[in-house]
């Protein structure tokens, strides 16, 4: 009998706790409606990566992942709304300050800066930062060549970086092909098409969408 | 030595009785959930994100466990007066302390090994590749926990559980800034300040020695030399702490 009473007490306590949590959630929702939608410029207040690195207490790479996820979310939200990505460079700089060996944020950040914000120079600066931290990365050298080709249209620089990528360990066969093409066919539309097709085949879903758009602009259909 | 082993065994049993296995279960569920939720959001970097969170989570949870459970371990013996029964046997106070240290460290190491096994399992199932390379980071984490356990035992040899937890947490935080402290000390103008900061630097545990999480997630293995140096540093440091803790505990009056 006393055991039953104990269980009854426990069930009642859990029921009260669930009701209180639900009530607190409702209050929070009401408060949020009053506060209005979160500011789209909230990433302005993201601190510098150097300070976050100090505060991470040895968990820098996990902190970098959180900032990376937040950056992707920021890009995705703005892609569906105003298509303004002003803070993407700032966020990717934080991610790479926290984890300099994480190459994807250099590539993605540079790509967005160049193709969405029309600031290829800032994109190249981010990639240069990546190459200083990862001198053995063929990917960063290759993407620098890519950005020179399609962003700044500096075909000589593109050929130089493609050649550099093709001399680094682990590079795929296409790095050598592009190095040869860039030297011979600088400014050629076919070369740009090949480069964008490579992004369409190997980039993440956002980069693939941009690649399809650029291919359409170059007169290449989605089926090609 | 038999006394130390008996106390260590008893400590392991005592800590397990606190349901630390629950921590393992929660960690496993949390990591599986994270791998399912975060992977699609990470734009192809899911494997890195899950491994990172797995390594960081296991180290953080084990550190918290050592601080929370370790800070009251000695105090409980004094409060329940079971220490009188132990001291009546042919065992020295230093051996008692060493047994407590070994028991807590062994339990924390087993917990970390369990959590790393979960990380390996989740990454293997979710991404089809077993990241054996994290074993080096795990070994360093176990060594780091040895140093943190010794810090807990040191503080608990002369102060209360709440202050032990507070001082240990402060020492762990400061230990992560040890290299920065030395750097900033040498940038100042005054020589005596540089000497003081250098002194504090040598006293603080250099916990960055044990952090290879940022390398292994990028496929860079922990070199055997690094493991050997970290093991030597960790064992010397924890031995120094235990000797001082033993000396303090020998002189402590039980009331």
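Can you confirm whether region A:153-165 contains a residue that is closer than 26 Å to residue B:213 by Cα, surrounded by fewer than 17 Cβ atoms within 10 Å (Cβ to Cβ) and more than 14 Å from chain B (Cβ to nearest Cβ)? No, region A:153-165 contains no residue that is closer than 26 Å to residue B:213 by Cα, surrounded by fewer than 17 Cβ atoms within 10 Å (Cβ to Cβ) and more than 14 Å from chain B (Cβ to nearest Cβ). Among the residues of region A:199-208, those that are modelled with pLDDT of 80 or more and away from chain B (no Cβ under 12 Å) comprise A:200, A:201.
Residues that are within 14 Å of chain B (Cβ to nearest Cβ) and farther than 16 Å from residue B:42 by Cβ were ranked within region A:89-100; the one that is surrounded by the most Cβ atoms within 10 Å (Cβ to Cβ) is A:100. Across region B:41-79, the number of residues qualifying as out of contact with any helix residue (DSSP H, G or I) (no Cβ under 6 Å at 6 or more places or on another chain), at the interface with chain A (Cβ under 8 Å from one of its Cβ atoms) and farther than 18 Å from residue B:132 by Cα comes to 2.
Filtering B:104, B:182, B:207 for residues that are within 14 Å of chain A (Cβ to nearest Cβ) and in contact (Cβ under 8 Å) with a residue 12 or more places away in the chain leaves a single hit, B:207. Since residue A:179 meets every condition but one in (1) in contact with a helix residue (DSSP H, G or I) (Cβ under 9 Å, 6 or more places away or on another chain); (2) surrounded by fewer than 15 Cβ atoms within 10 Å (Cβ to Cβ), which condition does it not meet? Of (1) in contact with a helix residue (DSSP H, G or I) (Cβ under 9 Å, 6 or more places away or on another chain); (2) surrounded by fewer than 15 Cβ atoms within 10 Å (Cβ to Cβ), only one is false for residue A:179: (2). Here residue A:207 fulfils each of the conditions (1) closer than 29 Å to residue A:72 by Cβ; (2) assigned to a loop (DSSP other than H, G, I, E, B) apart from (2). Counting only helices (runs of 4 or more DSSP H) that sit completely within region B:123-219, zero hold 3 or more residues that are loosely packed, with under 15 Cβ neighbours inside 10 Å and on the phi > 0 side of the Ramachandran plot. Among the residues of region B:17-35, those that are part of a helix (DSSP H, G or I) and surrounded by 14 or more Cβ atoms within 10 Å (Cβ to Cβ) comprise B:23, B:24, B:27, B:28, B:30, B:31, B:32, B:34, B:35. In this structure, is residue A:143 within 17 Å of the chain's Cα centre (by Cα), part of a helix (DSSP H, G or I), without any contact (Cβ under 8 Å) to a residue 40 or more places away in the chain and surrounded by fewer than 17 Cβ atoms within 10 Å (Cβ to Cβ)? Criteria not met by residue A:143. The test for being free of Cβ contacts under 8 Å to residues at least 60 places away in the same chain, within 14 Å of chain A (Cβ to nearest Cβ) and in a helix (DSSP H, G or I) holds for residue B:38. Checking each residue in region B:222-233 for being away from chain A (no Cβ under 14 Å) and either closer than 12 Å to residue B:139 by Cα or over 19 Å from the mean Cα position of the chain (by Cα) (or both) picks out B:222, B:223, B:224, B:225, B:226, B:227, B:228, B:231.
The values are calculated or read from the model by the stated rules, or taken from the named source; none is laboratory data. Note that the structure is predicted; figures quoted are calculated from it, not measured. Backbone-built Cβ (ideal geometry, glycine too); neighbour counts: all protein chains shown.
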